[in-house]
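The values are calculated or read from the model by the stated rules, or taken from the named source; none is laboratory data. This one's a predicted model, so the numbers in the text were calculated from it and none came from an experiment. Every residue, glycine among them, receives a Cβ derived from its backbone with ideal geometry; neighbour counts consider all protein chains shown. Each accessible area value is taken on the protein alone, full model and side chains, heavy atoms only, with ligands, DNA and RNA left out. Shrake-Rupley method; radii C 1.70, N 1.55, O 1.52, S 1.80 Å.
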Amino acid sequence: SQQGEEDPQALSIQEGENATMNCSYKTSINNLQWYRQNSGRGLVHLILIRSNEREKHSGRLRVTLDTSKKSSSLLITASRAADTASYFCATDGLGGGADGLTFGKGTHLIIQP
Amino acid sequence: DTAVSQTPKYLVTQMGNDKSIKCEQNLGHDTMYWYKQDSKKFLKIMFSYNNKELIINETVPNRFSPKSPDKAHLNLHINSLELGDSAVYFCASSRGSSNYGYTFGSGTRLTVV
């Protein structure tokens, strides 16, 4: 069954604004990852946060994880037109990597120039 | 370039045909995967495979079969193609153990007519 649910499904903001996407999941995890997918392309790994971490930064990206609420958020600061893409959260379960990632439905982010 | 490469990028075929999609990774990763992305962009794992075990998602029809000639390759064979098999198929690889991101190929868009 589907693990993650992203919220919102679509988000349109002006260039320079911050974009926040949320993700909820159902089962225990080893880590949670965020991926970006540009139209017609493959997925690109953005950031990974372990289950014992609460916050992580990478450049303009900030990820939080609340395991008690089974939720995560991805913040993109000072958005750029090139950030226009679909963003997916994915959970890595307790199977040691062999079970693969379980993806959410994704948030389609549009940055208006 | 270090990458996950899959071929072909586009595949159009008639119902009932048998087809294969090839995937190769030169990252030295231990585990490879096949994912299916439907028209609503939902990603679902089909198989994960390392040199020790194959894990099959129970919802995948047995018309789909992975073949791994060596650690760097995981090809996808599909028999008796059906209209519902139309989707984008992504190959991915990872270091196998948890807490590492995945590297995805650019996808194969399969259209069954």
In the set A:THR91, A:THR102, which member is open to solvent by 40 Å² or more (accessible area, probe 1.4 Å), touching a residue at least 24 places away in the same chain (Cβ under 8 Å) and closer than 21 Å to B:THR31 by Cβ?
A:THR102
Among the residues listed as A:LEU101, A:LEU109, the single one being within 14 Å of another protein chain (Cβ to nearest Cβ) and at pLDDT 95 or above
A:LEU109
Output the number of the condition that A:ARG54 fails; it satisfies all remaining conditions of (1) charged (D, E, K, R); (2) under 16 Å from A:LEU101 (Cα atoms); (3) in contact with a Leu (Cβ under 7 Å, 6 or more places away or on another chain).
(2)
I'd like the residue in the stretch B:43-101 that is surrounded by 13 or more Cβ atoms within 10 Å (Cβ to Cβ), in contact with a Leu (Cβ under 9 Å, 6 or more places away or on another chain) and basic (Lys, Arg) and, out of all such residues, is modelled with the highest pLDDT.
B:ARG63
If I go through the stretch B:41-65 residue by residue, how many of them are out of contact with any Pro (no Cβ under 9 Å at 6 or more places or on another chain), more than 8 Å from chain A (Cβ to nearest Cβ) and either of a type in the set (Val, Ile, Thr) or within 19 Å of A:LEU43 (Cβ to Cβ) (or both)?
3
